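Let me begin by presenting the structure, written as structure tokens, before commenting on it.
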């Protein structure tokens, strides 16, 4: 399927099952591939960060993480089939690893958090063969050593629990050194799996209100982020909607 363009961001119009099928194909091909999910905050970040915009455009697989992205795609006449939430995809892929003997590697978060993630998944999936894990507290000078460690682990899937744009930058910088068939940034998903934070109730997920739940859990950190990004995103959508409407009216009068 051809990618769509939404507010300057390319997105693959895939549902969850189609995404997993493509990832399995990547693992069989054994070429290093980078995945990214986009949400409201990331699309706003891309607007002011040319490097991030270039990295995302170069990714092999781009999913729409948030419902507002799906709603916007429909409003602007290029509908996506559904959201593919990063945390849901992450957990589905660990299930796939256990079923197909793929070996995951976990990178990021505090030592106790990433260790707890490994323990939780190993308890849930006794057959899971974890390639390794590493906390996210290291300096830039150590990155090459960590990338080489990941390469030597022969992992099939790498999950990186950094914030944006740190995870996108790290994967883009080291993807060819690590030689991992599938690499994915999972942001705060490690904290959810480890029980450090909770995911929004299902009704809030289905209503596009996960961002509000995150503010309730971490008001100091998240309030500033969403106060900046949400109004900008609404303005971007409004301007694009007016432009499309003007273009249609012009075409109708010809």
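Values quoted throughout were computed directly from the atomic coordinates according to the rules given, and no laboratory measurement underlies them. Please read all numbers here as calculations on a predicted model, not as lab measurements. Cβ: placed from backbone, ideal geometry, glycine included. Neighbour counts: every protein chain shown.
Data for the structure
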| item | result |
| --- | --- |
| Where labels lie 7 Å past Cα in the beta-carbon direction, separation of residue 112 and residue 251 in nm | 5.8 |
| Segment residue 28-residue 243, length gained on full extension (0.36 nm per residue, minus Cα span) | 73.1 nm |
| 210, 141, 240 arranged by Cβ crowding within 10 Å, fewest neighbours leading | 141, 240, 210 |
| Order of 177, 19 - criterion: other Cβ atoms within 10 Å of each residue's Cβ, fewest first | 177, 19 |
| Between helix 16-29 and the chain: long-axis angle, C-alpha atoms, 0 to 90°, nearest 10 | 50 |
| Label-to-label distance, nm, for residues given as residue 5 and residue 124 (7 Å Cα→Cβ offset) | 3.9 |
| Per-q log10 I(q)/I(0), segment 146-193, q = 0.14, 0.17, 0.22 Å⁻¹ (Debye; single scatterer per alpha-carbon; no solvent) | -0.31, -0.46, -0.74 |
| 0 to 90° range, to nearest 10: angle between helix 143-153 axis and the chain longest Cα axis | 70 |
| Cα-based helix-to-principal-axis angle, 111-124 vs the chain, degrees rounded to 10 | 80 |
| Beta bridge orientation in segment 4-252: antiparallel %, DSSP, nearest 5 | 15 |
| Separation between Cα centres of segment 37-95 and segment 217-254, rounded to whole Å | 15 |
| Cα-Cα pairs of segment 52-169 separated by more than 26 Å (percent) | 30 |
| Additional length obtainable on full extension of the chain from residue 54 to residue 206, 0.36 nm per residue less Cα span | 51.7 nm |
| Pairwise FRET efficiency - residue 16 versus residue 179, Cβ, R0 = 22 Å, nearest 0.05 | 0.25 |
| Proxy reagent accessibility, fewest Cβ within 10 Å first, across 214, 196 | 196, 214 |
| Per-residue [θ]222 nm for the chain (sum of -39500 (n - 2.57) over DSSP H runs n ≥ 4, rounded to 500) | -18000 deg cm²/dmol |
| Scattering curve values for the chain, log₁₀ I(q)/I(0), Debye with Cα scatterers, q = 0.14, 0.16, 0.17 Å⁻¹ | -0.97, -1.26, -1.42 |
| Percentage, to the nearest whole number, of Cα pairs in segment 1-125 over 17 Å apart | 61 |
| Nearest-0.05 FRET efficiency for residue 163 and residue 99, computed from C-beta distance (R0 35 Å) | 0.70 |
